[in-house]
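Heads up, the thing below is written out as structure tokens.
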Amino acid sequence: MITDQSYDVVIIGGGVVGCATLFHLTNSGYNCLMLEKNKHLVSEASAGNSGMLHTGFDAPLGSLELHCIQQCQLLIFDILNRLDLPYNRLGATMVAWDSVQMSKLPIIIQHSMREPNLSRNATGAIHIPGETIVDPWLTPIVMAEHARIRGAKICTSALVNNVEFNDSNRTWNVYTNKGNVGSKIVINCSGLYGDIVEKIAGYSSFKIKPRKGQYLIFSKTAKDVISSSILPVPTEITKGVIVFKSVYDNVIIGPTAEETEDRHASPTIDSIITTRLRNYGKKTVPSLSKHDIVHMYTGVRPATENKDYQIIARPDRNWLTVGGIRSTGLSGCIGIADHILSQVKDKFGIEPSKSCWESIHKVNFNFTKNGTVMFPHGIEHLITHPLTFTGVTRQTISQSNL
Ligand SMILES: Cc1cc2nc3c(=O)[nH]c(=O)nc-3n(C[C@H](O)[C@H](O)[C@H](O)COP(=O)(O)OP(=O)(O)OC[C@H]3O[C@@H](n4cnc5c(N)ncnc54)[C@H](O)[C@@H]3O)c2cc1C
């Protein structure tokens, strides 16, 4: 049960955005609690992504999304280094397959030497340095554990079902199935359920329009077929299907972008999509077809009717909406958290109740044989992201099962 305590900040949602916010605000001296409805952190949209730190090459100029991604690019590498988290800054090769796509590439440079296995049918390509792969599960989990070591509280299996603002002392009561807490500010980082949580606070600024993505993961024997991420020319809707390599050397094809009503990621991928992705792999990097597919997964993006992030400060009631972080939540995570910090200070005028920490320290952890990771003080996390799980275990499915 949650004890009836009071915090500077309550964060609703333990996805990548909630974890990065908890990390950054705790380091800045705020007394924080993060509430997560599921048994495990990072188990919704953040458990089905590609693990790429994009540089913002297709984010609209002047958008909040681009601002947060660029800010994240400035801050994240020092954090990853200090936390000793894996990343590969391999860059990406954006490939045009016809004259229409070619005309969208601003500068064309031939990169045949850089990607010798790329199909000869490509029309042109540009290299995007700085595109980086991280462990998409470990990164937010270690940030959350770093915050916990510094006094932040994390409560899982705690569904926020009501909130109430008290005008007289300007604080929130947050009600969950595990008890109630008080807070000066509430930050709604509930991702795929962002609109539902907004409604319980009396707001309706956007509607979640789930967008599904599906992937195939190849065996590590394919690790040398690419040396950078192979991106198609993006459209208005999606960055398109990418051929990329995880930090654990699995080559992956995906994600698709399919509108759906369902906010849950299904555990299996559609057979038609499997064929489409295999064919895409064959067309893009023909030698990939010689390698086994060892796993498949799906994810659901918290898209809305708006293209940009929906970060809305409501200083009259100390409520901060952080929604619609559709397809770059990992890429923007620390930039989003930094934007949130400035909103809390400047728009809400709320100062931290503790002193700020000067530095970031490595958090010790060990992978176990059970698909979990052990952290200090006996804290155990189940690995919920298939890229991490497949990368660190030997789980395989045979080609005949596809
Ligand atoms: C297919 C796909 C590919 C992607 N690729 C990339 C990529 O390569 N790079 C990148 O940067 N981004 C990528 N993204 C986007 C990225 O995954 C999202 O932007 C990010 O996960 C959003 O994080 P979030 O914390 O806002 O949401 P979520 O991960 O959905 O987290 C919200 C959390 O809030 C909890 N919650 C909801 N309601 C309540 C409640 N009432 N009480 C308590 N808790 C609640 C949920 O259980 C959930 O854990 C991709 C996404 C998908 C699906």
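The values are calculated or read from the model by the stated rules, or taken from the named source; none is laboratory data. If you're wondering where the values come from, they're calculated on a predicted model, not measured in any experiment. Cβ: placed from backbone, ideal geometry, glycine included. Neighbour counts: every protein chain shown. These area figures cover heavy atoms from the full protein model, side chains too; ligands, DNA and RNA do not enter into them. Shrake-Rupley method; radii C 1.70, N 1.55, O 1.52, S 1.80 Å.
Residue count for region 42-60, restricted to those that are near the ligand (Cβ under 9 Å from one of its atoms) and on the phi > 0 side of the Ramachandran plot: 2.
Going by the structure shown, is residue 271 assigned by TED's automatic domain parsing to the domain that holds residue 95, open to solvent by 40 Å² or more (accessible area, probe 1.4 Å), among the small types (Gly, Ala, Ser) and more than 14 Å from the ligand (Cβ to nearest atom)? Here the answer is yes, as residue 271 does meet what is asked. Would you check if residue 287 is within 14 Å of the ligand (Cβ to nearest atom), of a type outside the set (Asp, Glu) and surrounded by fewer than 21 Cβ atoms within 10 Å (Cβ to Cβ)? In short, no.
Would a scan of region 192-210 turn up a residue that is touching a Leu at 6+ places or on another chain (Cβ under 7 Å) and touching a residue at least 60 places away in the same chain (Cβ under 8 Å)?
Checking region 192-210: at least one residue is touching a Leu at 6+ places or on another chain (Cβ under 7 Å) and touching a residue at least 60 places away in the same chain (Cβ under 8 Å).
Scanning region 295-333 for residues that are within 13 Å of the ligand (Cβ to nearest atom) and small (Gly, Ala, Ser) yields 299, 303, 323, 324, 327, 329, 331, 332.
Within region 11-29, the set of residues being in contact with a Ser or Thr (Cβ under 7 Å, 6 or more places away or on another chain) and either more than 7 Å from the ligand (Cβ to nearest atom) or of a type in the set (Ser, Thr, Tyr) (or both) comprises 11, 29. Checked against the criterion of being closer than 30 Å to residue 346 by Cα and of a type outside the set (D, E, K, R), region 284-302 contains one or more residues that satisfy it. Just one residue in the set 76, 12, 2 is more than 23 Å from residue 328 (Cα to Cα) and among the β-branched types (Val, Ile, Thr); that residue is 2.
Within region 88-100, residues that are part of a loop (DSSP other than H, G, I, E, B) have Cβ atoms under 7 Å from residues that are open to solvent by less than 10 Å² (accessible area, probe 1.4 Å) in these pairs: 89/132; 90/133; 90/228; 90/229; 91/131; 91/228, counting only partners at least 6 apart in sequence or on another chain. A count restricted to region 369-385 and to residues that are open to solvent by 40 Å² or more (accessible area, probe 1.4 Å) and in a loop (DSSP other than H, G, I, E, B) stands at 2.
Restricting to region 32-59, what's the tally of residues that are open to solvent by less than 20 Å² (accessible area, probe 1.4 Å) and in a helix (DSSP H, G or I)? Walk me through how you get there before you give the answer.
Our first condition is that a residue be open to solvent by less than 20 Å² (accessible area, probe 1.4 Å); within region 32-59, this holds for 32-36, 41-42, 46-48, 50-54, 56, 59.
If we keep only those that are in a helix (DSSP H, G or I) too, we end up with 46-47.
Residues meeting the conditions: 2.
Inside region 30-41, can you point out the residues that are near the ligand (Cβ under 6 Å from one of its atoms) and within 16 Å of the chain's Cα centre (by Cα)?
Pass one, region 30-41, residues near the ligand (Cβ under 6 Å from one of its atoms): 35-38.
Across region 30-41, the qualifying residue is only 36.
Per-residue answers, yes or no, for (1) at pLDDT below 95; (2) under 30 Å from residue 9 (Cα atoms); (3) of a type in the set (A, V, I, L, M); (4) assigned by TED's automatic domain parsing to the domain that holds residue 229:
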residue: 79; (1), (2), (3), (4): no, yes, yes, no
residue: 92; (1), (2), (3), (4): yes, no, yes, yes
residue: 103; (1), (2), (3), (4): yes, no, no, yes
residue: 120; (1), (2), (3), (4): yes, no, no, yes
residue: 123; (1), (2), (3), (4): yes, no, no, yes
residue: 140; (1), (2), (3), (4): no, yes, no, no
residue: 155; (1), (2), (3), (4): no, yes, no, no
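Within region 147-169, the residues that satisfy the criterion of being away from the ligand (no atom under 12 Å from the Cβ) and either within 24 Å of residue 356 (Cα to Cα) or among the aliphatic types (A, V, I, L, M) (or both) are 147, 148, 149, 150, 151, 152, 153. Do you know which of the residues in region 310-329 that are more than 15 Å from residue 14 (Cα to Cα) and among the aliphatic types (A, V, I, L, M) is surrounded by the most Cβ atoms within 10 Å (Cβ to Cβ)? Per the criteria, the residue is 320.
For residue 144, the requirement of being in contact (Cβ under 8 Å) with a residue 40 or more places away in the chain, within 13 Å of the ligand (Cβ to nearest atom) and assigned by TED's automatic domain parsing to the domain that holds residue 326 is met. The set of residues in region 1-31 that are touching a strand residue (DSSP E or B) at 6+ places or on another chain (Cβ under 9 Å), among the polar types (S, T, N, Q) and in a loop (DSSP other than H, G, I, E, B) comprises 3, 5, 31.
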